[in-house]
Amino acid sequence: MLISLHYNAFSQVQTPTDSVKADSLRIKQKQAAAAAKADNLSKQYDVGNLYNDIFRPHKKPDSVQKKSSGITVIPNVASNPSIGSQIGIKAVAGKKLGDDPNTLLSVAATSASITTKGIIYFYVNHNVYTPGNKYNFQGNLVVAKTVTPDFGLGIGRGSDVSTDDHILTNPERKGRALHSVYFNIREKVYKEIDKNLFLGAGMSFDVRKSIEDTKSVGPTPYSIYNDRHGFSQSSYSANGFLFNLQYTTRDNQNRAYKGIYVDAGIRINQSWIGSSKNAMQFTTDFRKYFSLSEDHPEHVIAFWNWGSYLISGNVPYLELPGTAKDGSFRSGRGYTTGYFKGTKFDYSEVEYRFPILRNKFLSGVTFFNLQTSNDETGTKLFEVWQPGYGAGLRVLFNKATRTNLCLDYAFGRYGARGFFLGLNEAF
C-alpha cells in the first residue's frame, strides 16, 4: 500500500519540460476553442441564409458542414465618368485543399464586365496552397480594353518648375484618361522552406498596345515621361522575373482576425524576354492583424504597408507603382487608380473592424491611409504625404470562407472622394 501511494505521488511529478509542454498545449487548445467559437457557422447568418428565408422558407437546414459552399457570385455593377455605366459578373471561391487542418485557405476570383464606353475587362486570379502548405501558387490573367485615369507623376506637390515639369507633376491634379488594350500574365510558385516561410519565383508579362489620350491637346504627363525615358507613345512591354520571400500566419486569407503576412521581392525586367526597357524594382508587403477580444474576435485592428522602389533602369509610365497599384488594386481608398505615382512609392493604412449584429451578418470598418512618392522635380520619398480616410459597411456573403461584400465611402485631398465596392477586405 505504501509502495502504491509512493508510486502514485511520484507519477504526478512534472519536469520543467513537461510543464512547458502542458502550458503550450493548453494555449493551443484555448486558441483552437476560440477559433471554433468564432467560426461557429450555425450561429452565423449570410446572404445564402437570407435567400433561403425569402425564397425557400420551408427548406430544412443542412448540416453545419454542408450548409455553405465556398463560392460567391455577385453582379459587377459600377458607374463613373471615366468608364460610363458598367455591368458584369464577379465570383470568388475559397477552399482548403487536402485533410491537413493546418493548410491555409486557397482563394480564387474572376470577373467579366463591359461598359457603355466600350471598356471590356476580364480577369482570373488565384492564391492556392497545396495540402500541408508545401507549395503556394499565386497568379493572374488579365485581358482588357480599358481606360486608365491619369493625374500626373508624383504626389501632387507644386513648385517653380519648367512648363514640362509642371504638366508632368500636375499639382492641380487635372484628370486625363488613357485608352489602351492591356494583357497581363503573372505566375509565382512558392516552396515552403520552414513553417510558414516560403521562397518563390516566377514571371510577369505586362503588355499595352494602342495607347492614346483621345481628348488632350499638346503635351501630357504621359507623353513627356515617354520622351524623357525613351518609351514609345503607343505601346510597351514590361516583362520580368520575380523572386520573393513570404512569411504568413494569417488565420484566413479573406478576412484575418489574427496573424501576420510579409512578402518582399525583386522584379527584374529584361529586354531579352521582350521588355521595352531593363529595370529592377524592390517590393514589400506587410500586414498585421490584432484581435481585440477572445469572445468576439471580429474586433480587429489591421495594419498594412505596401511599397515599391525602383533600384535601376526605367519602368513604363502606366506600370509605375502608385495608388491602387498593389496586387489586389485595393490601396488608396479615397482616390482613383494611379492618382499618385512615382518610381518610388510607399503606402500605409490602419483599419478598425467591428461587428454590428450578433449573427455577424452586418459589420463595419473605419480606416485611415497615407501615401507618399517621389517625382522628377526633386521631391523625395517620405517628404510629402497625402491622406485618405473613410468608413464602410460589411455584409457577410459567405460564412464558410468569411467572404464579405464591402461597401466603403472614402475621402481624399483635391476634392477626391468616392464609393468603393468589393468582395473581401481591402487587405
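Assorted remarks:
- Of all residues in segment 149-197, exactly one satisfies the criterion of being closer than 20 Å to TYR121 by Cβ, in contact with a helix residue (DSSP H, G or I) (Cβ under 9 Å, 6 or more places away or on another chain) and hydrophobic (A, V, I, L, M, F, W, C), namely LEU178.
- The set of residues in segment 398-427 being in contact with a helix residue (DSSP H, G or I) (Cβ under 7 Å, 6 or more places away or on another chain) and of a type in the set (D, E, K, R) consists of LYS399 alone.
- Among (1) farther than 30 Å from GLY274 by Cβ; (2) at pLDDT 90 or above; (3) outside any strand (DSSP E or B), the one test that LEU407 misses: (3)
- Selection status of ASN196, in contact with a Ser or Thr (Cβ under 7 Å, 6 or more places away or on another chain) and at pLDDT 90 or above: yes
- Tally of residues being aliphatic (A, V, I, L, M), over 30 Å from ILE260 (Cα atoms) and surrounded by 14 or more Cβ atoms within 10 Å (Cβ to Cβ) across segment 192-233: 3
- Considering segment 153-253, the qualifying strands (runs of 3 or more DSSP E), each wholly inside and each with 3 or more residues that are among the hydrophobic types (A, V, I, L, M, F, W, C) and touching a residue at least 60 places away in the same chain (Cβ under 8 Å), run over 197-212.
- In segment 339-390, the qualifying residues are those that are assigned to a strand (DSSP E or B) and of a type in the set (Gly, Ala, Ser), and the one that is nearest to ARG228 (Cα to Cα) is SER373.
- Screening ARG358 on (1) among the basic types (Lys, Arg); (2) buried (at least 22 other Cβ atoms within 10 Å of the Cβ); (3) farther than 17 Å from LEU153 by Cα shows it passes everything except condition (2).
The values are calculated or read from the model by the stated rules, or taken from the named source; none is laboratory data. Note that the coordinates shown come from a computational prediction; the quantities given were computed from them, not determined experimentally. When we count neighbours, we look across all protein chains shown, and the Cβ atoms used for this are built from the backbone with ideal geometry, even at glycine.
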